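Notes follow the structure.
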Amino acid sequence: MRLQHGDLILEAIECVPEGFKEIDLCEGFVVEKGEGMHTHVLENVKDCQMFVNEKGELVLKASDNANLNHEEHGVMKLDKKIYRKYIEQEYDAELDEQRNVID
């Protein structure tokens, strides 16, 4: 299962991968910053857990009440699953490079 919220992609995975350590999670946790003041914010974090590895990659263990909110994309309700966070990629043929989409 794969969810997309603007440039942010959450892919459901079976378990938290090795090498990820739990970090403190507070209400309004910024999952990803976009351009300007736009952010993907996690709401209703009670019973959720967030994990990070040494590369800064995030894994979210969401409760059944968790929501992802963004000023332009609105609110997305998350299922009670474990998600790995990715950023949508785009390819620039002129520069022959792949890069993160900035939303």
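As a rough guide to protection, the peptides 75-86, 21-32, 44-55 ranked by mean Cβ packing within 10 Å, highest first, stand as 75-86, 44-55, 21-32.
Taking a point 7 Å out from the Cα of GLU27 in the direction of its Cβ, the residues of segment 56-74 whose backbone N falls within less than 19 Å of it are 62-71. The H on the amide N of ILE13, modeled in the peptide plane, is under 5 Å from the matching H of ILE82, TYR83, ARG84, each at least 5 residues off or on a different chain.
Any read-out appearing in this document is the output of simple, stated calculations on the displayed coordinates, not a laboratory observation. Just so we're clear, the structure is a prediction, and the values are computed from it rather than from any experiment. All Cβ positions, glycine included, derive from the backbone under ideal geometry; neighbour counts span all protein chains shown.
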